[in-house]
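Below you'll find the structure, written out as structure tokens, and then a few comments.
The values are calculated or read from the model by the stated rules, or taken from the named source; none is laboratory data. No experiment lies behind these values; they were computed from the predicted model shown. Methodologically, a virtual Cβ is constructed for each residue, glycine included, from the backbone with ideal geometry; neighbour enumeration extends over all protein chains shown.
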There are 2 protein chains.
Amino acid sequence: MAEAAVSGRRRGGGADARRERRRGGAGVAMPHIRRRVPVYEVLDGEGLTLIENNADKVLAEIGIEFREDPEALDLWRTAGAEIDGERVRFPKGMLREILKTAPSTFTQHARNPERSVEIGGKSTVFAPVYGPPFVRDLDKGRRYATIEDFRNFVKLAYVAPAIHHSGGTLCEPVDLPVNKRHLDMVAAHIRYSDKPFMGSVTHPERAKDSVAMAEFVFGKEFVDQNCVLINLINANSPMVFDSTMLGALKVYAAANQATVISPFILAGAMSPVTVAGTLTQILAESMAGMALTQLVRPGAPVVFGTFASSISMQSGAPTFGTPEPSLVLYGAAQLARRLGVPFRSGGSLCGSKVPDAQAAYESAQTLAPTLLAGVNFCLHAAGWLEGGLVSSYEKFVMDADQCAMMQRFAEGIDLSENGQALDAIEEVGPGSHYLGAAHTRANFETAFYRSPLTDNNSFEQWESEGGKRIEERANAQWKSWLEAYEQPALDPAIDEQLEDFIRTKKDSMPDAFT
Amino acid sequence: MAEAAVSGRRRGGGADARRERRRGGAGVAMPHIRRRVPVYEVLDGEGLTLIENNADKVLAEIGIEFREDPEALDLWRTAGAEIDGERVRFPKGMLREILKTAPSTFTQHARNPERSVEIGGKSTVFAPVYGPPFVRDLDKGRRYATIEDFRNFVKLAYVAPAIHHSGGTLCEPVDLPVNKRHLDMVAAHIRYSDKPFMGSVTHPERAKDSVAMAEFVFGKEFVDQNCVLINLINANSPMVFDSTMLGALKVYAAANQATVISPFILAGAMSPVTVAGTLTQILAESMAGMALTQLVRPGAPVVFGTFASSISMQSGAPTFGTPEPSLVLYGAAQLARRLGVPFRSGGSLCGSKVPDAQAAYESAQTLAPTLLAGVNFCLHAAGWLEGGLVSSYEKFVMDADQCAMMQRFAEGIDLSENGQALDAIEEVGPGSHYLGAAHTRANFETAFYRSPLTDNNSFEQWESEGGKRIEERANAQWKSWLEAYEQPALDPAIDEQLEDFIRTKKDSMPDAFT
């Protein structure tokens, strides 16, 4: 890594920081989650084998289409797949064999090494919302996103203690030309944060630009040997990869950068209406996409991804936080573990248009399974609203609070002597209380997770303070986070290289808005 | 059971009913949950043994106080405990030995046998909020509860498909005298519902009245041999049982009716500030209370209960839905399973004053663990607001929707041929969609849980329909539920007996308002 790039590192260690983290305080980053609690598994070995066999059958008999990409078809032909036009069929066992070169866990480096994350195993990494063309806040309502919004969300993700990753398209800056905005987005991640981030996937050239920009920060050699970008490759479910996604996939895999191969599933439309059928299709699609990365460059880091929800069978609208997607999430995590690759899913998903109780029920019923299933990389952990059409400022900080609670939960139960607290029970005895006990005083600061957003005061006090709903408190919090934000230092030489690169690229093509 | 009592039974079977249930429709009761998914366990065997040994130590060395109840002390003395004033200490192993007579699972009978519930094993029973002196709705705000509110909540619990139980003190009807209101409450459960219900515990005499009223419905003999009432006995944590609770405990155990022995814990005040310390104290208290029921009447049904949350270490206010209470919940469920008794915990708990996103996050983060931990009897599953001070009409129907989702989740993944859906994947193939597929059409009605409350329409449609938050839709729903409510028939002879009993009891004492 280019040493100069890390001059802005902030320290997160020590007892003060631990206390601050427990308070959900801003600006003290938590390292990514290392789960000390078990995973929850809904399927037994027999059920998993059934789905694996069904997926093998789909891959061998139906196959997957790789569209408008002769290079991908050549790779498959050489590897021994059966090619029929753009349809590729895979002999049983072939993809599992190819996937043996994929790492079971890898490190994505951040320019601040303290923010580097492990993806795989017992790690869980929370990354923000990805993709919305709109933003919403209490003051200005719902509107198209701009690059200013984008930068604001980079800053909020940087400040949020339990958001471990700067993410990718935090919102779509529609005020910038489609063919140039990736330059400003990647630059914002590099400049306004020192957490790991994602590259552009909307065109192979933009993927190359993302790699080039990362090379200014980390050095060419380092990038070739290490993962510094993670990139979202969606399958066009059912059973299609298009040329745009394949183009980005090949660029990143060739550059040894991580890809997340994610079937984008609204069950009932892009997959069968059943959980087991959806799992079968997801496994088939993911395996095919992941194996392709290994044909491009064996050993390139790759993640089994799913974004799976349902549709309303009445209106066709996507629904979130319902039982079936939770079952898919738990089952897919098990399938990924059996494949031996990291897993991406989950988040704080919801269909609500506003950060009300619907949004929160649905988000919690996605985020809790995310942690318990053992998701390794979680996109959309904070800020997602309206089925992913809106990045919400208020919901971002509300979700970030929930992420911090998940992180605390993942620590499990402290069984140390202090945790057992027998001395406290003895000191207090029947009929008294623990408020003033020595053990209580000694553990006062770190005892319980302390939410900066929830109101637990008496009704009378709450009322006298204006009777605020949580989104009003969240409105104050994101503003104070943006105020408290301090830009992490970046070597001016790197900054200049980036600026030159962006200017040259922008000057080389006319603006495109579609 | 008195045959005549069941004339009002409603049928819940058949394909129409299944479809209706999936829609979250009103009036079609679901049977209690029989979990087909595994439980989630946070502690391993070593951790559980550590806590059990610590609890044994607390019981043997510190002991539990049984206050102002010489009869309880006599029972303990005879059983071989060490008595010191009101403090009782238990030789290691003694309570486990006594608890061997407690059933691992039992049926609580409803006057409609289709509504009877199994408590224990793989069953989960959702019962409504218990105890609030206030109610709240969007129209009239927060106010003291009345018997009219109480009856409304009985009706809502009767109509809610995934609320399996009529509960107990759905709210405190403060417009009635303290010493008489239990008569109207128990009568309301019997008359306005045919689901199982709870008895009064606020005075031994009121417990006796509850049993007497149940005898009119079920017959004296039946009640003596079967559980028709379940009753909440709180420990005065730390390590005290008071004479009121002991009095009710003895009445119910002697009558062979179920008791839930629940330490009421706000960790940091009534128990140590650590999860392991809290689990230790809960286990000690519960074991002592449960064992006492077996001394009164061996074989009487008894449930290991916990209500465990935390306090804010800054303000002392109770907090809900945070990580530590979830860990306590999971751990306590494991301890109960090892003891071989049913377990009560969980619910839709929250500290928020209004049914906003705080309320929903906190409730979901309590209700999800409730199901996954394998809770058998869940009080407060619907309607709880403001730390239990308020029964909320809107939150009741919102929570009931979540309960129905939990019930769907508990069915697990359908691995039948239809569930596997290979024919659908084959029919649709790459690049098409499943909306019109034969398999989709065949499973259209039952495919996904259908929430009657969430809005998943487009922003434009939602806005054109008034841009409503979920609590506004919930407001309409509880009103339509009350409108749709039909009273289940009750044998007029029973009704008359109840009426006579209540009149005689009321006439026998002056009104008391404290």
Quiz prompt | Of residues in region A:428-446 being of a type in the set (A, V, I, L, M) and more than 17 Å from B:Ala317 (Cα to Cα), the one farthest from the other protein chains (Cβ to nearest Cβ) | solution = A:Ala438
Quiz item: Which one of the conditions (1) of a type outside the set (Val, Ile, Thr); (2) under 30 Å from B:Asp139 (Cα atoms); (3) touching a strand residue (DSSP E or B) at 6+ places or on another chain (Cβ under 6 Å); (4) crowded, with 22+ Cβ neighbours inside 10 Å does B:Trp384 fail to meet, given that it meets all the rest?
Solution: (3)
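Per-residue answers, yes or no, for (1) within 14 Å of chain B (Cβ to nearest Cβ); (2) closer than 24 Å to A:Ala382 by Cα; (3) polar (S, T, N, Q):
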| site | (1), (2), (3) |
| --- | --- |
| A:Ile64 | yes, no, no |
| A:Glu68 | yes, no, no |
| A:Arg77 | no, no, no |
| A:Glu86 | yes, no, no |
| A:Arg89 | yes, no, no |
| A:Leu95 | no, no, no |
| A:Gln108 | no, yes, yes |
| A:Arg136 | yes, yes, no |
| A:Gly141 | yes, yes, no |
Quiz prompt | Among (1) more than 7 Å from chain A (Cβ to nearest Cβ); (2) at pLDDT 95 or above; (3) assigned to a loop (DSSP other than H, G, I, E, B), the one test that B:Asn456 misses | solution = (1)
Quiz item: With respect to B:Leu327, is the statement that it is within 20 Å of B:Ala162 (Cβ to Cβ), aliphatic (A, V, I, L, M), within 11 Å of another protein chain (Cβ to nearest Cβ) and surrounded by 24 or more Cβ atoms within 10 Å (Cβ to Cβ) true?
Solution: no
Exercise. Find all pairs meeting these conditions: Cβ atoms under 7 angstrom apart; at least six residues apart or on different chains; first residue within region B:340-357 and at the interface with another protein chain (Cβ under 7 Å from one of its Cβ atoms) and over 22 Å from B:Ile470 (Cβ atoms); second residue surrounded by 24 or more Cβ atoms within 10 Å (Cβ to Cβ) and among the hydroxyl-bearing types (Ser, Thr, Tyr).
Key: none
Quiz item: In region A:387-441, which residues are of a type in the set (A, V, I, L, M) and more than 30 Å from A:Gly131 (Cα to Cα)?
Solution: A:Ile413, A:Leu415, A:Ala421, A:Leu422, A:Ala424, A:Ile425, A:Val428, A:Leu435, A:Ala437, A:Ala438
Quiz item: Being surrounded by fewer than 22 Cβ atoms within 10 Å (Cβ to Cβ) and away from chain A (no Cβ under 14 Å), is that true of even one residue in region B:44-52?
Solution: no
Practice problem: Report whether or not A:Ile233 is in contact with a Gly (Cβ under 6 Å, 6 or more places away or on another chain) and closer than 20 Å to A:Ala81 by Cβ. | Solution: no
Quiz item: B:Arg337 passes all but one of (1) among the charged types (D, E, K, R); (2) surrounded by 24 or more Cβ atoms within 10 Å (Cβ to Cβ); (3) part of a helix (DSSP H, G or I); which number fails?
Solution: (2)
Exercise. Consider B:Pro318 carefully, then state whether it is surrounded by fewer than 24 Cβ atoms within 10 Å (Cβ to Cβ) and either facing chain A (nearest Cβ under 10 Å) or within 19 Å of the chain's Cα centre (by Cα) (or both).
Key: yes
Exercise. Could you please find all residues in region B:396-427 being more than 7 Å from every other protein chain (Cβ to nearest Cβ), out of contact with any strand residue (DSSP E or B) (no Cβ under 6 Å at 6 or more places or on another chain) and under 30 Å from B:Arg136 (Cα atoms)?
Key: B:Phe396, B:Val397, B:Asp399, B:Ala400, B:Asp401, B:Ala404, B:Met406
Quiz prompt | Selected residue (criterion: nearest to the other protein chains (Cβ to nearest Cβ)) from residues of region A:226-274 that are surrounded by fewer than 24 Cβ atoms within 10 Å (Cβ to Cβ) and of a type in the set (Gly, Ala, Ser) | solution = A:Ala269
Quiz prompt | Search result, residues across region B:437-481 that are among the basic types (Lys, Arg) and either surrounded by 14 or more Cβ atoms within 10 Å (Cβ to Cβ) or under 18 Å from B:Gln402 (Cβ atoms) (or both) | solution = B:Arg450, B:Lys468, B:Arg469, B:Arg473, B:Lys479
Quiz item: Across region A:360-372, what is the number of residues that are in contact with a helix residue (DSSP H, G or I) (Cβ under 6 Å, 6 or more places away or on another chain) and facing chain B (nearest Cβ under 7 Å)?
Solution: 5
Quiz item: On the given criteria, is B:Leu266 closer than 26 Å to B:Thr366 by Cβ and not in a helix (DSSP H, G or I)?
Solution: yes
Practice problem: Return the pairs, sorted by first residue and then second, in which the second residue is modelled with pLDDT under 95 and among the basic types (Lys, Arg), the first residue lies in region A:147-165 and is under 21 Å from A:Ser116 (Cα atoms), the beta carbons are less than 7 Å apart, and the residues are 6+ apart or on different chains. | Solution: A:Pro161/A:Arg21
Self-check item: Residues (touching a Leu at 6+ places or on another chain (Cβ under 9 Å), of a type outside the set (Val, Ile, Thr) and either within 14 Å of another protein chain (Cβ to nearest Cβ) or part of a loop (DSSP other than H, G, I, E, B) (or both)) located in region A:286-312
Solution: A:Ala288, A:Gly289, A:Ala308, A:Ser309, A:Ser310
Self-check item: Residue in region A:373-390 that is out of contact with any helix residue (DSSP H, G or I) (no Cβ under 7 Å at 6 or more places or on another chain), within 11 Å of chain B (Cβ to nearest Cβ), of a type in the set (A, V, I, L, M) and assigned to a helix (DSSP H, G or I) present
Solution: no
